[in-house]
Amino acid sequence: MQHSAEFLNLVNDAKSRVKEIDIEGYKKMVSAGEGHVLVDTREDNEWDKGHVAGAVHLSRGIIERDIVSTYPDKETPLILYCGGGFRSALVADNLQKMGYSKAISLDGGWKALKESGLPLE
């Protein structure tokens, strides 16, 4: 997908503040049994086409509204993914502003996850 310069500037600004993990780092986390919640921040139609087994769905359109009631412990490690890692960076930035210190964007997103060997639904 071709993104506008304005959108990319917004994403790059968010990425300057958020924590990110790549797919290899995430797979190490999973194999080490590190507790976390994997959150798919994509739209409903993207989720319906496929997602990582065990992930929860809180799309970018509602996550800021629903995160506190869903995960009130702001120390919960939240690994956020979208299609490629741009929208999840924006979400991580907002969640950090809301006090979620362990909101981490998965760089590469769904594209990387599909090729990772992790179980999908």
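The values are calculated or read from the model by the stated rules, or taken from the named source; none is laboratory data. Just so you know, these numbers come straight off a predicted model, no measurement behind them. Here Cβ is always computed from backbone atoms with ideal geometry, including for glycine, and neighbour counts include all displayed protein chains. Remember, those area values only see protein heavy atoms, side chains included, never the ligands or the DNA or RNA. Shrake-Rupley method; radii C 1.70, N 1.55, O 1.52, S 1.80 Å.
General observations
- All conditions in (1) open to solvent by less than 30 Å² (accessible area, probe 1.4 Å); (2) under 15 Å from A103 (Cα atoms); (3) not hydrophobic (A, V, I, L, M, F, W, C) hold for G50, with the sole exception of (2).
- Screening the stretch 61-81 for residues that are at pLDDT 95 or above and part of a loop (DSSP other than H, G, I, E, B) and picking the one that is surrounded by the most Cβ atoms within 10 Å (Cβ to Cβ) gives Y71.
- Pairing residues of the stretch 70-84 that are without any contact (Cβ under 8 Å) to a residue 40 or more places away in the chain with residues that are hydroxyl-bearing (S, T, Y) and open to solvent by 20 Å² or more (accessible area, probe 1.4 Å), at Cβ distances under 9 Å and at least 6 apart in sequence or on separate chains, gives K74/S101; E75/S101.
- Any hit, the stretch 81-101, residues being touching a helix residue (DSSP H, G or I) at 6+ places or on another chain (Cβ under 8 Å), of a type in the set (V, I, T) and farther than 18 Å from S116 by Cα: yes
Here is a yes/no grid of residues against (1) under 12 Å from the mean Cα position of the chain (by Cα); (2) among the aromatic types (F, W, Y); (3) within 21 Å of S116 (Cβ to Cβ):
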| site | (1), (2), (3) |
| --- | --- |
| G35 | no, no, yes |
| W47 | no, yes, yes |
| H57 | yes, no, yes |
| I63 | yes, no, no |
| K74 | no, no, no |
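- Counting the residues of the stretch 82-102 that are part of a helix (DSSP H, G or I) and either exposed (fewer than 13 other Cβ atoms within 10 Å of the Cβ) or of a type in the set (F, W, Y) (or both) gives 1.
- Count of the stretch 4-36 residues which are part of a loop (DSSP other than H, G, I, E, B), open to solvent by 60 Å² or more (accessible area, probe 1.4 Å) and within 16 Å of G108 (Cα to Cα): 1
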